Amino acid sequence: MSDDNEIKVEPTILTREYDAPRLLVYEAWTQVEHLKNWQFPFKGFTCEFVTTDISPGGSTLHKMITPDGHEMWLLTKYEELNPPESLVFRQYMSNEAGDILPNPQMPNWPKELRTTIVLDEEDGKTQLQLIWQPVNPTKEEAEAFEATRADHDKGWGGGLEQLHGYLGTL
Amino acid sequence: MARALTTFDSFNAIAEPKRRALIEALAGKELTVNETVELMGWNQPMVSKHLGVLKQVGLVSERKEGRCRVYKLNAAQLKPVQEWVVQFEKYWGSSLDQLGDYLNEIQSRGVKDE
């Protein structure tokens, strides 16, 4: 409602260990030829980039296509790139022109979320930290983020893959 | 893209994380209230409340079977709002798992740089 800048929200920190060298993991985050193969939440999705400027101050626009043909556009604005250690970006739902759209499904979801990726290499494996934090959230946005915190690290169950399959048959 | 604000429509119904979890549970199978209580680990009034909201907007339908009420997902009703399944709270947790699978895949077939 007011005093938006006063509200502090603890970031969500997700960690993963990948059996891959750090440089490869960094490239997977910063090269479109890699990103299009994995940056979606389910197998069966595809990804197409229409603009690809992965540089500080640059942005990409891509669409995710669900197995049933539904398209979603995402705009990603890059803030920092520190190869091969870290990158910082913000990602938004958008339309195909790259105009940022509100989320009608969840009106209080934070409009600005900063994502920081930090990579460390140990014994040939890469430790990844994904730090996800609302930027200047309103009170309602901070609460919406907090209310879902327990789910931030959960993958989808098999149920939603079935649902996508079913939606595709309608 | 604008839509009229109504008290209960599909958009509002899925704005609640618990109801999204419930839809996920109901995808592909029918459940009674008791089965849902057991599966979700919520109490019965909470399950009934959320099922009631989903029923009110047509996202689930209910039928009687003996003394039980059985709930079923009307997935067609989800079509207009299906963006929700890839947004929000689980997006990165799920995508990081895709990254793990992808890294394994490209390394096992040998990384080819162009």
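Structural remarks
- Complete set of residues in region A:39-77 that are in a strand (DSSP E or B), within 14 Å of another protein chain (Cβ to nearest Cβ) and of a type in the set (S, T, Y): A:T46, A:T76
- Within region A:22-45, residues that are closer than 18 Å to B:Q107 by Cβ have Cβ atoms under 6 Å from residues that are part of a loop (DSSP other than H, G, I, E, B) and not hydrophobic (A, V, I, L, M, F, W, C) in these pairs: A:R22/A:P84; A:L23/A:P84; A:Y26/A:P83; A:Y26/A:P84, counting only partners at least 6 apart in sequence or on another chain.
- Any chance A:D19 is within 10 Å of chain B (Cβ to nearest Cβ) and at pLDDT below 95: yes
- Here A:H70 meets each of (1) within 16 Å of the chain's Cα centre (by Cα); (2) modelled with pLDDT under 90; (3) of a type outside the set (S, T, Y) with one exception, condition (1).
- Under the condition of being surrounded by fewer than 18 Cβ atoms within 10 Å (Cβ to Cβ), over 11 Å from the mean Cα position of the chain (by Cα) and part of a strand (DSSP E or B), the residues counted in region A:109-137 number 7.
- Considering residues of region B:24-37 that are part of a helix (DSSP H, G or I) and surrounded by 13 or more Cβ atoms within 10 Å (Cβ to Cβ) only, the residue modelled with the lowest pLDDT: B:E24
- Considering residues of region A:78-99 that are assigned to a strand (DSSP E or B) and of a type in the set (D, E, K, R) only, the residue surrounded by the most Cβ atoms within 10 Å (Cβ to Cβ): A:R90
Table: residues versus (1) more than 12 Å from chain A (Cβ to nearest Cβ); (2) at pLDDT 95 or above; (3) crowded, with 16+ Cβ neighbours inside 10 Å; (4) under 24 Å from A:F40 (Cβ atoms).
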{"site": "B:L39", "(1), (2), (3), (4)": "no, no, no, no"}
{"site": "B:M46", "(1), (2), (3), (4)": "yes, yes, no, no"}
{"site": "B:Q56", "(1), (2), (3), (4)": "yes, no, no, no"}
{"site": "B:R67", "(1), (2), (3), (4)": "yes, no, no, no"}
{"site": "B:L78", "(1), (2), (3), (4)": "no, no, yes, yes"}
{"site": "B:V81", "(1), (2), (3), (4)": "no, no, yes, yes"}
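- Some residue of region A:89-103 being more than 13 Å from chain B (Cβ to nearest Cβ) and touching a Pro at 6+ places or on another chain (Cβ under 7 Å): no
The values are calculated or read from the model by the stated rules, or taken from the named source; none is laboratory data. Nothing here was measured: the structure is a model prediction, and the numbers come from that model. A quick note on method: Cβ atoms are made from the backbone with ideal geometry, for glycine too, and the neighbour counts reach across all protein chains shown.
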